[in-house]
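Asks: Just dropping this structure here.
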Amino acid sequence: MSSFRALPFRPRRQPDPDGVPLRVRSCRDLCEWTRTPVERRGEPLFACQGCGSQWVPSEHWTPRDSNGAVPPEVLEIVAAEP
């Protein structure tokens, strides 16, 4: 019978957040966008607390909360773009 000690130890790799596609899901009228502590490709990553979608400023769309308003942090970034 083999033992687990016979298996080599390999540290668990964390997934590279830059290599994983952003999550984009249909809005369920629960949207509330917040900035996360994570950066993707050097950009701030925002996530929806309602549906789990993700957004970075280089995306070609602008996230909106369930009331239709663009979150203030997102508005600052979008307004600052040339």
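Asks: So, by mean Cβ neighbours within 10 angstrom, what's the order for 60-72, 41-53 with the highest one leading?
Replies: Values: 60-72: 12.6, 41-53: 15.6.
Packing proxy ranking, top to bottom: 41-53, 60-72.
Asks: Given the Cα atoms of segment 22-80, and with Rh set as the inverse mean 1/r over their pairs in the Kirkwood sense, what is Rg to Rh to two decimals?
Replies: Here the Rg-to-Rh quotient is 0.92.
Asks: Students often get this wrong: which residues of segment 59-82 have the backbone nitrogen under 13 Å from the point 7 angstrom along Cα-to-C-beta of Cys27?
Replies: Answer for this model: 61-71.
Read-outs throughout are calculated quantities, based only on the coordinates presented, and are distinct from any laboratory measurement. Every value quoted in this text rests on a predicted model; they were computed, and no experiment measured them. No Cβ is skipped: glycine too gets one built from the backbone with ideal geometry, and neighbour counts run over all protein chains shown.
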